[in-house]
Amino acid sequence: MISERDSETTFEEDSQPNDEVMPYSDDETEDELESRQPAAEPGQHRTGRDAEESREPVRKDCSWQVKANDEPFYQQPQFKRTVFLCFKKSKYAGNAIKTYKYNPITFLPLNLFEQFKRAANFYFLVLLILQSIPQITTLSWYTTLVPLLLVLGITAVKDLVDDIARHRMDNEVNNRMCEVIRDGRFKNTKWKDIKVGDIIRLKKNTFVPADILLLSSSEPNSLCYVETAELDGETNLKFKMALEVTHRHLQEESAMADFNGLIECEEPNNRLDKFAGTLFWRNTMYSLDADKILLRGCKIRNTDFCHGLVIFAGADTKIMKNSGKTRFKRTKIDSLMNYMVYTIFVVLILLSAGLAIGHTYWEQQIGNLSWYLYDAQDFSPPYRGFLNFWGYIIVLNTMVPISLYVSVEVIRLGQSYFINWDLQMYYPEKDTAAKARTTTLNEQLGQIHYIFSDKTGTLTQNIMTFKKCCINGQRYGDCRDGAGQLQSHPEQVDFSWNMYADGKFSFCDHYLIEQIKSGKDPEIQKFFFLLAICHTVMVDTSDGQLNYQAASPDEGALVTAARNFGYVFLSRTQNTITLSEMGTERTYDVLAILDFNSDRKRMSVIVRESGGNIRLYCKGADTVIYERLHPRNPKREATEEALDIFASETLRTLCLCYRDISHDEFEAWNKKCVEASVATTNRDEALDKVYEEIEQNLILLGATAIEDKLQDGVPETISRLSKADIKIWVLTGDKKETAENIGFSCELLTDETTICYGED
């Protein structure tokens, strides 16, 4: 992706996803998801300015429009939708959310409807109706009504308690406070009163109340750090960046109140990583993407305050679109009990039918001839048999176990408390016990046959540590003294010579430190320079200390390692990056950032160095880097051997490389890149193709090896699950050799396991 994020193009989907039927999948083709992209807007870098000059007209087919600070705008007829007959309401949802099932009016009918889905309850309802018919009743109606009401009442009370908890949670969320522009000033307002088009101010450690466009923040370049744990489970901080124009002009309260920008964007959908829109302000269009959007559920971190414009509110937010409707769930035990009751009911019908047929035969043979059995009713024997059929249904009702449902509910409740009280599931370090949020949890857990798990952060601690590296074919990271001789007793390297060392970094290879200090090997200098400059890490300073905020823990580990080895990332703007190289501070122009993604498996930066030379630095997986190396790379085999050794030690590896670019080549490539960045169709494919052109004939520098330790108890847990005949699949992006060795270390693979490779 071009380094100037404001120049990114956006797209409009042909159709919105059906959240109920087919959630959005990244496996869908981009052709299906993208129908157009507005032209790029002025960015912070030179490439962005070129993009502005070559801007194409935007097709105005975005149906969702948001105007800042203009409530009458949303009352226009085109923004109304018919809800019933001639009654209309705004298509823009309010910000109040609702996760509960019932309200005081709907509780009784909905709960009864749900309970009568159970076969036994429905049977006893039919039985009660039959008992109210004098001609066929054999028992008093209240003998069925009392136990039925008891069963329905107990279940209803349980459902009511669960739903009251949901109401309380909704009320707590809806009544949170937030500062919103009202009458030209920021005033405290409840979340539920926030509307689309409002401008809000969020402070540090507060949750984002709606999906908002970031306008400005207290950080340089209007960066905003957010934690997305409630959206994707990731605790690593991610950063968002406002448009340069809003960062420059929307800092003061009065400017916020006067802001009248119009946003045209996609309709509300459930795609957390996608957003396509355009801001129209001051006769200029600015392209918007997901990097400028703060989603509801995010938490503001390391940012004193930020301002945003509400785009989607309440039920239209992406997190609510992903939650779907609250469904009535039936467990397999419920289904089994229903099946048992159906079977018993069939037996009951057959038995009652047999008895009714027998009664009809008896009436014909004996009943009609016995004067003392005459009941003053002149019914025919078949009719008497028909009435007795229903009578037998009533008499034999004890065959259907209505109390079974109550017993199961009590058992479920007890088992949920056993889970809460289980000391083996208590985590003393954080004083956290297991919490069964549903009474049916235990029976659901008992029916699991397969477990599909991610590796990083699930089986591992997600704490990355730089352990070893290979530079110019030479491996470093073993315990050696300054002369390169192996040590029998590990001795930690003293980093006191480096004023920026973080004090937590542990390394035992004194020989590498001596090589860095001597400055005799330019390849080592390039290696750590690449680690310090080729990344998307952000930095903030507190109490004189540098704190790195990385979207990926791998990047954070590599930048921290470079920092301790003397190549320190100090700061960045939207088009420069500042480093301290062995105590000498230098600033470099960042001409472009070619972002990492799961298809490319690599990222690159193009920088202009102090002498005016342009150089591309790249890091990525060995499989993609080796395909793009220059034919003459003498250290290729030695590096490949080192990668195999690192993989056998379950370390995560990356290859580092670079290439020099002439000014003419860069200018020609940059022109193609600008054209691809404003493409109206297949933009991603066009950019990938352009990136591919420049990432060729690379010179291999070496490889890094990072350790991500397994969490405590992983091997024992997997072993016990395997003994329970649960099949476990673990997904990882590691090399084949690394994945295989980790599989053995966590006991997912054993010596008896037959390993199948995809290429076979």
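The values are calculated or read from the model by the stated rules, or taken from the named source; none is laboratory data. The structure presented is a predicted model; accordingly, all values stated were derived computationally and were not measured. Heads up, the Cβs are rebuilt from the backbone with ideal geometry, glycines too, and the neighbour counts pull from every protein chain shown. Calculation scope for accessible area: heavy atoms of the full protein, side chains included, ligands and nucleic acids excluded. Shrake-Rupley method; radii C 1.70, N 1.55, O 1.52, S 1.80 Å.
Below are the figures for this structure:
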| quantity | calculated |
| --- | --- |
| Residues of the range 639-660 satisfying the condition of being open to solvent by less than 40 Å² (accessible area, probe 1.4 Å) and not polar (S, T, N, Q) | Ala642, Leu643, Phe646, Ala647, Leu651, Cys655, Leu656, Cys657, Tyr658, Arg659 |
| Top-ranked residue in the range 431-442 [being closer than 23 Å to Ile718 by Cβ and at pLDDT below 85; ranked as nearest to the chain's Cα centre (by Cα)] | Leu441 |
| Neighbours by Cβ (under 7 Å, 6+ apart or cross-chain): first from the range 601-614, on the phi > 0 side of the Ramachandran plot; second of a type outside the set (D, E, K, R) and part of a loop (DSSP other than H, G, I, E, B) | Lys601/Ala621 |
| Lone unmet requirement of (1) outside any helix (DSSP H, G or I); (2) surrounded by 15 or more Cβ atoms within 10 Å (Cβ to Cβ); (3) in contact (Cβ under 8 Å) with a residue 60 or more places away in the chain; (4) of a type in the set (D, E, K, R) for Glu179 | (3) |
| Qualifying strands (runs of 3 or more DSSP E) (wholly inside the range 185-228; at least 1 residues being open to solvent by 10 Å² or more (accessible area, probe 1.4 Å)) | 185-190, 199-203, 223-227 |
| Boolean, Thr106 is modelled with pLDDT of 50 or more and loosely packed, with under 14 Cβ neighbours inside 10 Å | yes |
| Residue satisfying all of: in the range 561-575; open to solvent by 30 Å² or more (accessible area, probe 1.4 Å) and either outside the structural domain of Tyr476 (by the TED database) or in contact with a strand residue (DSSP E or B) (Cβ under 8 Å, 6 or more places away or on another chain) (or both); farthest from Lys709 (Cα to Cα) among these | Asn575 |
| Residue list for the range 134-155, filter: open to solvent by 20 Å² or more (accessible area, probe 1.4 Å) and either at pLDDT 80 or above or touching a His at 6+ places or on another chain (Cβ under 6 Å) (or both) | Leu145, Val146, Pro147, Leu149, Leu150, Gly153, Ile154 |
| Residues (open to solvent by less than 30 Å² (accessible area, probe 1.4 Å) and either closer than 16 Å to Leu654 by Cα or among the polar types (S, T, N, Q) (or both)) located in the range 577-594 | Thr578, Ser580 |
| Residues being more than 28 Å from Leu215 (Cα to Cα) and in a strand (DSSP E or B) - total across the range 81-116 | 7 |
| Residue that is nearest to Asn221 (Cα to Cα), among those in the range 516-528 that are open to solvent by less than 50 Å² (accessible area, probe 1.4 Å) and either part of a loop (DSSP other than H, G, I, E, B) or free of Cβ contacts under 8 Å to residues at least 60 places away in the same chain (or both) | Phe528 |
| Residue within the range 512-531 that is at pLDDT below 85, within 30 Å of Asp304 (Cα to Cα) and in contact with a Leu (Cβ under 8 Å, 6 or more places away or on another chain) present | no |
| Count of residues meeting criterion [outside any helix (DSSP H, G or I) and within 16 Å of Gly473 (Cα to Cα)] in the range 604-629 | 1 |
| The range 424-443 residues that are free of Cβ contacts under 8 Å to residues at least 40 places away in the same chain, paired with ones that are open to solvent by 60 Å² or more (accessible area, probe 1.4 Å) and in a loop (DSSP other than H, G, I, E, B) (beta carbon under 8 Å, 6 or more apart) | Thr432/Tyr426; Ala433/Tyr426; Ala434/Tyr426 |
| Search result, residues across the range 707-738 that are open to solvent by less than 90 Å² (accessible area, probe 1.4 Å) and within 24 Å of the chain's Cα centre (by Cα) | Asp708, Leu710, Gln711, Val714, Ile728, Val730, Thr732, Gly733, Asp734 |
| Any hit, the range 72-82, residues being at pLDDT 80 or above, out of contact with any Asp or Glu (no Cβ under 7 Å at 6 or more places or on another chain), open to solvent by 40 Å² or more (accessible area, probe 1.4 Å) and of a type in the set (Lys, Arg) | no |
| Helices (runs of 4 or more DSSP H) wholly inside the range 660-760 that include at least 1 residues being outside the structural domain of Ala562 (by the TED database) and of a type outside the set (Gly, Ala, Ser) | 714-723, 736-745 |
| Residue count, the range 397-418 (criterion: under 20 Å from Leu145 (Cβ atoms) and among the aliphatic types (A, V, I, L, M)) | 5 |
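Table: residues versus (1) crowded, with 16+ Cβ neighbours inside 10 Å; (2) modelled with pLDDT of 90 or more; (3) among the charged types (D, E, K, R); (4) farther than 30 Å from Thr144 by Cβ.
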residue	(1), (2), (3), (4)
Leu288	yes, no, no, yes
Asp304	no, no, yes, yes
Ala315	no, no, no, yes
Lys321	yes, no, yes, yes
His359	yes, no, no, no
Tyr374	no, no, no, yes
Val395	no, no, no, no
